[in-house]
Structures are given as C-alpha cells and as structure tokens.
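Structure first, then comments.
The values are calculated or read from the model by the stated rules, or taken from the named source; none is laboratory data. Quick caveat, the model's predicted, so the values are computed rather than measured. A quick note on method: Cβ atoms are made from the backbone with ideal geometry, for glycine too, and the neighbour counts reach across all protein chains shown.
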Amino acid sequence: MDHFLTFSLLSLLLSFAAAGDFSDDQLIRQVVPEEEQSVNLLNADHHFSLFKAKFGKSYSDEKEHDYRFSVFKANLLRAKRNQLLDPSAEHGVTQFSDLTPTEFKQRYLGLKTPAFLESAQKAPILPTNNLPEDFDWRDKGAVTGVKNQGSCGSCWSFSTTGALEGAHFLATGELISLSEQQLVDCDHECDQDGVCDAGCNGGLMNTAFQYTVKAGGLQLEKDYPYTGRDGKCQFDKNKIAASVANYSVVSVDEDQIAANLVKNGPLAVGINAAWMQTYVKGVSCPYICSKNRLDHGVLLVGYGAAGYAPIRFKEKPYWIIKNSWGESWGEDGYYKICRGQTHDICGVDSMVSTVAAFQSTSE
C-alpha cells in the first residue's frame, strides 16, 4: 500500500469515525474502495476444497454446503479488506472462514460487559525502569499448552484459568492445568449491574475470580474435564488444586501492564476480536480497531521489542496473546498485537487483571 493510499484511508477513517458510531467491520467496508475489495474468486472452489480438507469440514446436505461456500467467498473478500488495513499481519483463510461474523461472535467470543466490578482492587503502581526488553512466560514454564474452547462462548473461563495457572506456578513452582468446565458449570457470579457469568453464553474474568475465591479454588482439568457445553455443576471441594489469594485491576498504562506481567505472571485481558477471524500470523496493528467493544477474553503471556513489519518499514513492538481456539489458529494458537506507538489498539490495555495464588491445598 503506497503512502498516498494510506493517508487517504486514514483520512476517511477519521471522517467516518467523527460522523457517528460505526462497527469496525462497517468502517472497513466503507473506507476500502470497491476495486481494492475485489479478489480473484476464480479458484474459490479449489480454496474451499483445501479449507474443508485442512479443517475437517463437512456439511449436512448440498444446500448447507452451497451456503457455506457463499460465506467462504465473502470471507475471502473480508480477509482482503483486513489485509489492506492491517498490513503488518497476514490475513487469509482460517478455520472460521465458513462462518458469518455474527456466527463467529456467537460461537467463539463471549466476554461480557461492563468489564469490571467497581469494587475490584486496583493493582499497586510498580517501578518500570528496569523492565526487560523482551519477556515471555512460556520460556519460564508458567504457561500450559494452547486449549480449545470449541463452539462455546467460554473464552472468559480460559482467560481466568490461564492467569491462575501462571499465578499458581509463581507461588509453588508447579505448572498445572485447571478446569474451565468448573467455571462453565458452576460459576454464576454477577456484578453489581446484574451481568452474570453464564457458561457458554459468556462471562467476565473478574467475576470468575470472585467465584473462585468464594468456592475455595479450582479443580484440575483432568479431574473436571472440559466438554464445551453447559452442564450440571460437579464441583468437588476436596479436589481443589489452586486457590485465589487476591486479584486486582491493572492500570491502562502499558508500562504498568508490562511490569505487572513480569512480576505477577500472565494477565487476564479483554480484547476486541474484530480482526481475529481472518488473522493468520504476524503483528496485528490495524488502522482502526475500537477499544470500546471488548468481546473476547484472552491471556497476556509476554511481549517483544520488535516484530518486523516490512510494509510499514519499521520494527513493531508487540504483546504476545495466548488464545483458546486451538493450535491450528494463528501462530500455533497465539496472537501478536502491537503495543507502544499505537496505544490501546483493540482495547488490549483497557481490561487487564492480575491474580495471586495460594499454595495448593489439595493432596
């Protein structure tokens, strides 16, 4: 994309944003010229066949197959638009390419708003002068393997367990995999506005931490395995494996987020997932991504000083995000999103929580 087109797109983005409240997808469609949206669909049949084989897709009948093919072609166009406005990442075919944006949101997102309990404790301000240039809790053994929430809006539970798994590792030196299904089945905690954790219908990380405090802790995943469906609570307090000592809300300041990450372990984060349905790899740094539409719970595990973005001719510092859509999505299940120069892109700095763990009380 040349500099003139970049300037023109940014000017259009600003004019549309000033005119009213648009969704990210509406803005993308309006600011990208029709000729730029076009994509060669002559080989769409071939690409759809590869897609079905790679992701094991099958459909109930010819009508469903034809409908999904039409959605797939629409998503090829959408990926093309996304590529134009997020050139430092690669966008294309993913396992979600046969889903409409609405279906994707209903099945794979699930973060509720408002984001925080008013009573949530604020994390203390930490020194930031000696932060490492690059940091990754995966290298230190504090992060379990990438999990898969399936078509259940339980992202919030994976963000919660990931943060507590890291905190438990810091407290005990032991990495364990905790039960998301316990939260899906048993956690119905509500915030002061009556927004409640509701299994596959969504929830909040802070209310999940509040539930965990009240319940006494979470069981191991192997003792309470994930089903990806709402079920009857089977919690056994005698099998608690990790417990929450306290949790708090981190400042939106990026240096404070980095300091809390380094000191306290992986952080529970909310994000606007508008660009994630078509994300393949690279550092995502879209020209537009609202910080006011957080809809997905993820885990912040690290950061890097420089992810090379050749189209923008400079290195891009980034956050490292663990997702819960399996290893076949993104960079082996991870998402890189820019930090630093573009403050709070996609709201990644807006909803951040840290948690501390007690040592396990289980046998």
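Filtering segment 216-248 to residues that are over 22 Å from residue 147 (Cα atoms) and within 26 Å of the chain's Cα centre (by Cα) leaves 245, 246, 247, 248.
Return the only residue of 244, 262 being β-branched (Val, Ile, Thr), modelled with pLDDT of 95 or more and assigned to a helix (DSSP H, G or I). Outline the logic, then answer.
Numbers: 244 fails: assigned to a helix (DSSP H, G or I).
After ruling out the rest, the residue left standing is 262.
Conditions tested, residue by residue: (1) touching a His at 6+ places or on another chain (Cβ under 9 Å); (2) assigned to a strand (DSSP E or B); (3) at pLDDT 95 or above; (4) more than 20 Å from residue 85 (Cα to Cα).
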residue	(1), (2), (3), (4)
273	yes, no, yes, no
281	no, yes, yes, no
299	no, yes, yes, yes
321	no, yes, yes, yes
329	no, no, yes, yes
340	no, no, no, no
349	yes, no, no, yes
357	yes, yes, no, yes
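Filtering segment 216-239 to residues that are in a loop (DSSP other than H, G, I, E, B) and crowded, with 16+ Cβ neighbours inside 10 Å leaves 217, 221, 223, 224, 226, 235.
Which of the numbered conditions does residue 288 fail, given that it passes all the others? Conditions: (1) part of a loop (DSSP other than H, G, I, E, B); (2) modelled with pLDDT of 95 or more; (3) touching a helix residue (DSSP H, G or I) at 6+ places or on another chain (Cβ under 6 Å). Answer for residue 288: the failing condition is (2).
Scanning segment 184-194 for residues that are in contact with a Leu (Cβ under 7 Å, 6 or more places away or on another chain) and surrounded by 18 or more Cβ atoms within 10 Å (Cβ to Cβ) returns a single hit, 191.
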